[in-house]
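Student: After the structure tokens below, expect a handful of questions from me.
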Amino acid sequence: MKGYQVKQYNEPVKRYCQTLELRDNPELIAEYRRRHSREEAWPEIRQGIREVGILEMEIYILGTKLFMIVETPLDFDWDEAMAKLATLPRQQEWEDYMSVFQKAAPGASSAEKWQPMERMFYLYE
């Protein structure tokens, strides 16, 4: 099993975990992965994610299930940031560009597509 290095910050951060389901089609999933590659992901989208205050974002995949981890400063306001993100250049165009792959309503924003997950276990000290 492969592990992934985690970024270190000089301050405490909080984490959001979300999920989204893709359409069950191997060709569509391959194309979805390609569009999220370093070479193909639109620079305006990466820039907008940082502009709203997100420090790090990772998306993991298993079959048709996506799992996203977002790390932010402690004072980050999710709803405010997503409202701002939706207004940034090319953001809705990107959402529409991705919607063919996703089980989500047409025209949905990122905040409407990605469903928050509840942490049900934590390895306390």
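Student: Could you derive backbone 3J(HN,Hα) for the stretch 72-84 from the dihedral phi with the Karplus parameters 6.51, -1.76 and 1.60 (θ = phi - 60°), listing whole Hz in sequence and x where the residue is Gly or Pro?
Tutor: 9, x, 4, 8, 5, 10, 4, 4, 5, 5, 5, 5, 5
Student: If you don't mind, there's one more thing I want to ask. For the stretch 25-41, just list the computed ³J(HN,Hα) in residue order, Karplus coefficients 6.51, -1.76 and 1.60, θ = phi - 60°, integers in Hz, with x standing in for Gly and Pro.
Tutor: For the stretch 25-41, the Karplus-derived couplings read 8, x, 5, 5, 5, 4, 5, 4, 4, 4, 5, 9, 5, 4, 6, 9, 5 Hz, x marking Gly and Pro.
Student: Could you put Arg119, Arg33 in order, starting from the residue whose Cβ has the fewest other Cβ atoms within 10 Å? Could you put the intermediate results ahead of the total?
Tutor: Numbers: Arg119 7, Arg33 14.
Ascending Cβ contact count within 10 Å gives the list Arg119, Arg33.
Student: Taking amide hydrogens as modeled 1.01 Å from N in the peptide plane, which residues meet the under 5 Å criterion relative to Glu56, leaving out close sequence neighbours?
Tutor: Glu71
Student: Something else about it: Considering the convex hull of the alpha carbon atoms of the chain, report its projected area averaged over all viewing directions, in nm², one decimal.
Tutor: On the way: hull surface 36.6 nm².
The orientation-averaged projected area of the Cα hull of the chain comes to 9.2 nm².
Student: Per residue of the stretch 2-18, what does 6.51 cos²θ - 1.76 cosθ + 1.60 with θ = phi - 60° give for ³J(HN,Hα)? Whole Hz please, x for Gly and Pro, Karplus curve as stated.
Tutor: 8, x, 10, 5, 9, 5, 9, 10, 8, 8, x, 10, 10, 10, 10, 10, 9
Student: Moving on to the next point. What distance in nm separates the simple spin-label points at Lys14 and Tyr97, each placed 7 Å from Cα in the Cβ direction?
Tutor: For the pair Lys14/Tyr97, the computed spacing is 3.1 nm.
Student: Using R₀ = 22 Å, calculate the FRET efficiency as 1/(1 + (r/R₀)^6) where r is the Cβ-Cβ separation of Leu28 and Met117; round to 0.05.
Tutor: Working from the Cβ atoms, E equals 0.40.
Student: Moving on to the next point. In the stretch 1-65, which chymotrypsin sites (Phe, Trp or Tyr not before Pro) fall in coil by DSSP and have 15 or fewer other Cβ atoms within 10 Å? Walk me through the numbers on the way to the answer.
Tutor: Working: sites: Tyr4, Tyr9, Tyr16, Tyr32, Tyr60; in loops: Tyr4, Tyr9.
Here the sparse-neighbourhood loop sites are Tyr4, Tyr9.
Student: Taking the Cα centre of the stretch 13-116 as origin, sum charge times position over the Cβ atoms of Lys and Arg (+1) and Asp and Glu (-1), and report the length of that vector in debye to the nearest 20. If you can, show how the numbers build up before the last one.
Tutor: Details: 14 positive and 19 negative charges, 51 e Å.
It works out to roughly 240 debye.
Student: With a cut-off of 8 Å between alpha carbons and a minimum separation of six or more residues, what is the relative contact order of the chain in percent?
Tutor: Relative CO of the chain lands at 35 percent.
Student: Per the helix-only calculation at 222 nm, which mean residue ellipticity applies to the chain, given -39500 (n - 2.57) for every DSSP H run of n ≥ 4 and division by its residues, nearest 500 deg cm²/dmol? Mind dumping the intermediate values first?
Tutor: Details: 5 runs with 40 residues, N = 125.
Mean residue ellipticity, 222 nm, calculated: -8500 deg cm²/dmol.
Student: Can you give me the long-range amide H partners of Ala104? Hydrogens built in the peptide plane at 1.01 Å from N, cutoff under 5 Å, separation of 5 or more residues or another chain.
Tutor: Answer set, sorted by chain and number: none.
Read-outs: derived from the displayed coordinates by stated rules, not from any lab. The structure displayed is predicted, hence computed values, not measured ones. Glycine also receives a Cβ, built like all others from the backbone with ideal geometry; neighbour counts cover every protein chain displayed.
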